[in-house]
Amino acid sequence: MFRLIPFTGTCDPDGCDFNPYRMGNDSFYGPGKTIDTGSKMTVVTQFITDGSGSLSEIKRYYVQNGNVIANADSNISGVTGNSITTDFCTAQKKAFGDDDIFAEHNGLAGISDAMSSMVLILSLWDDYYASMEWLDSDYPENATATDPGVARGTCDSESGVPATVEGAHPDSSVTFSNIKFGPINSTFSASA
């Protein structure tokens with residue numbers, strides 16, 4: 001999923017996200033699904049630029065069991081595609097009734113301008129603001145799960161409470177390995 005956490009201040013505004021579940025495809029990502037989260041996978045993110053070198057699209061692929069799997073397509077009426085583009089983000093914000101803070105901060109062009117000073121950070125963390133509900137539950141809490149964009153996954157809203165997560169799983173860990181950076185399609189191999 002591509003996502004910034006919910007807007008809580010000027011340093012943490014909402015971006016444009018692509019969560020397949022939120023985009024209406026509940027069979028794409030999870031245990032036993034198209035992308036089986038119970039198995040090893042490679043996540044490929046491609047930053048595509050236009051002729052001037054400015055960011056114009058962010059694509060996501062998964063490599064699992066020797067197969068390259070493109071991100072799920074949106075099943076939300078009025079929102080097409082399976083990658084982050086300016087048109088996708090504008091349509092998504094409209095369909096979900098979200099404030100378009102992403103566009104207010106110059107959208108993909110703003111990300112493009114900032115990329116030269118960005119650093120990749122991978123971490124295992126929890127969320128004292130919203131208990132990770134924005135990631136894989138119904139969010140915001142005061143909305144109805146059937147409202148467009150609210151259902152983001154199958155997790156119960158109580159499952160991400162930091163005190164519970166930290167108390168029940170103090171030895172949690174994650175392994176990030178074989179991180180690569182390079183020209184488009186050069187960082188992975190699989191049967192197409």
With unit charges on the beta carbons (Lys and Arg positive, Asp and Glu negative) and the dipole taken about the Cα centre of the chain, which residue among Ser74, Ser52, Tyr129 sits farthest to the positive side? Ser52
How many percent of the accessible area of the range 147-186 is carbon or sulfur, using a 1.4 Å probe? 53
Computed from the beta carbon distance with a Förster radius of 22 Å, FRET efficiency for Ser173 and Asp147 to the nearest 0.05 stands at 0.05
Summing +1 per Lys or Arg and -1 per Asp or Glu among the other residues with Cβ less than 9 Å from Asp99's Cβ gives -3
Quick one: which of Lys59/Lys180; Lys33/Lys59; Lys59/Lys93; Lys33/Lys94 span more than 22 angstrom between C-alpha atoms? Lys33/Lys94
Entry for Cα extents along the principal axes in Å (calculated from the structure that is shown) out of (i) 47, 38, 34; (ii) 71, 30, 24; (iii) 56, 39, 30: (i)
Looking only at Pro162, Pro20, Pro170, which one moves most when the chain is put into a Gaussian network model with springs between Cα atoms under 10 Å? Pro170
Mind giving me the nanometre distance, one decimal, between the label points for Asp127 and Met115, set 7 Å out from Cα along Cα→Cβ? 2.5
Treating only the Cβ of Lys, Arg, Asp and Glu as charged (+1, +1, -1, -1), what charge dipole size does the chain show about its Cα centre? Round to the nearest 20 debye. 880
With Pro140 itself left out, Lys, Arg at +1 and Asp, Glu at -1 over residues whose Cβ is under 11 Å from its Cβ give -4
Among Gly167, Tyr62, Ser186, whose Cα sits farthest toward the positive end of the charge dipole of the chain (+1 at Cβ of Lys/Arg, -1 at Cβ of Asp/Glu, about the Cα centre)? Ser186
With the dipole of the chain worked out from charges on the C-beta (+1 for Lys and Arg, -1 for Asp and Glu) around the Cα centre, which of Ala143, Phe28, Gly97 lies farthest toward the positive end? Phe28
For Asn106 and Asp87 in one chain, what is 0.36 nm times their gap in residues minus the Cα-Cα distance, to one decimal in nm? 5.5 nm
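The values are calculated or read from the model by the stated rules, or taken from the named source; none is laboratory data. As the structure is a prediction and not an experimental result, all values here were calculated from the model. Note that we place each Cβ from the backbone using ideal geometry, even for glycine, and neighbour counts take in every protein chain shown. Heads up: the accessible areas ignore ligands, DNA and RNA and are worked out on the full protein's heavy atoms, side chains in. Shrake-Rupley method; radii C 1.70, N 1.55, O 1.52, S 1.80 Å.
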